[in-house]
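Bear in mind that the values in this text are calculations on the coordinates, not laboratory data. Values in this document were obtained by computation on a predicted structure and should not be read as measured data. No Cβ is skipped: glycine too gets one built from the backbone with ideal geometry, and neighbour counts run over all protein chains shown.
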Amino acid sequence: MATVVNIDLMGDLQKFGAADVNACFSCGNCTAICPLSDNDATFPRRVIRYAQVGLTDELLGSKELWTCYHCGLCSDSCPTQADPGEFMAAARRYAIASYEPTGLARVLYTKPVIGTVIAVLVAAFFATFMLTQADLGGIDAPELALFDFVPNDVVHWLGIVVMAAMFLAGAWGVVRMVRAIGKRDGVTLKDTVGSGAAWKRTLGAVWDSLGIESLGQKRFRDDCHDDQEVEPLWRRRWLVHALTIWGFLGLFGATLIDYGLELLGIKETGTPIPLWYPSRALGTVAGLSLMYGVTVFMIGRWKKWSTAQADSKGSDWLFLSLLWITGFTGFVIEVALYMSAPPAWGYWVFLVHVAVAMELMLMLPFTKFAHAMYRPVALFFYALARERSTAGA
């Protein structure tokens, strides 16, 4: 099979923020010092070589892109200051833009001003759409239940449309990623579900990627020692990362529980419920977790606490800002719900909250949020390779 060489690959990666790694002469220091590198994931040197010689398919099929947590040890120790850690981050941005079919991710990553304008316009569209559905004549009437000015069916069906669009775009990207990694690693469908032993390996890899790594942050926590000795616990990157993930998943779970209570007729949308109700208790704890994680991440990038946070791109700030606004407005709405009379400002905060939350979900496949889709898939293939290696030993 002929190998296709893309002579423009290195220049294209630089548009996504990659350092000029042509200074790299493959000394292997980065691979030797990386606590996550092993026989199945000899990065970042291997990925850098793919870029240098123009092997686009091999780069996009590299699960190593996503097993890296950008601790910065490789960049700190690089003798030529090629900044391999930032290169890996840029390569992930390039991969996201290459997996999704619309070209929107490329614009968001390579044209930050235009990307910001697009983000504002998308949020404005959702807000305007809901506003046109509103009956604002009695907006100050205290007898109205909070949120009545936007019909529940409008929010419900708009949310379904947004989730469906996000799912289709995300599924397209994940399928392209799976095909790329499967082709590079020689993994076929038969290897994953073709026999009882294959099913066992697959289920083991699923648990490892989702339970142990994505939720438990095991390798990030145990192996990435960039800040274990010098940073206080409250701002260690693995913990902040974990709290952000758990917070977002908790809020998603609270939303599902809330919908369930509505379907059962236990509560109506926008009506206050006791703080000890499952959805409210989970949502409050998860919201605090999310806000803590995102706020510390933003402060860390602002103050450049680590090598990984020293070079922030517009896409990093866009994602964190959307998450922070969603969490903050959610707590403001919670306060409004428990006031004796529904305040007028509560309607407008709700409008902002829903618009930004819908934008965050709609743009999941195109922003840094796409890590939530692609990293677990890469970790699955990484765990599967280990399972197959053990089985063949």
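Numbers below:
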item	result
Charge context of Val5, other residues only, Cβ under 14 angstrom, K/R +1, D/E -1	-3
Calculated [θ] (222 nm, deg cm²/dmol) that DSSP helices of n ≥ 4 give over the chain, each run adding -39,500 (n - 2.57)	-21000 deg cm²/dmol
³J(HN,Hα), Karplus 6.51/-1.76/1.60, whole Hz, each residue of region 193-198, x for Gly, Pro	9, x, 7, x, 5, 5
Pair Leu203, Leu249: separation of 7 Å Cα→Cβ label points (nm)	2.0
If the convex hull is drawn through the Cα atoms of region 9-99, its volume per residue in Å³	81
Per-residue HN-Hα couplings for region 255-266 [Karplus 6.51, -1.76, 1.60; θ = phi - 60°; Hz; x = Gly/Pro]	5, 5, 5, 4, 4, x, 5, 5, 5, 7, x, 6
Extreme residue, positive dipole direction of the chain, given options Ala82, Thr307, Cys24 (C-beta unit charges)	Cys24
Dipole in debye (nearest 20) - the chain, about Cα centre, beta carbon charges: Lys, Arg +1; Asp, Glu -1	1020
As computed over the chain, the Cα convex hull volume per residue (Å³)	161
Under 5 Å, built H, 5+ apart or other chain: amide partners of Asp38	Phe43
Cross-link pairs Lys218/Lys303; Lys218/Lys368; Lys63/Lys304; Lys183/Lys218 - those with Cα-Cα distance over 30 Å	none
Charge-dipole axis of the chain as Lys and Arg at +1 and Asp and Glu at -1 on Cβ define it, positive-most pick from Ile273, Thr367, Gly327	Thr367
Table column - 3J(HN,Hα) (Hz), region 100-105, Karplus curve with 6.51, -1.76, 1.60, x for Gly and Pro	7, x, 8, x, 5, 4
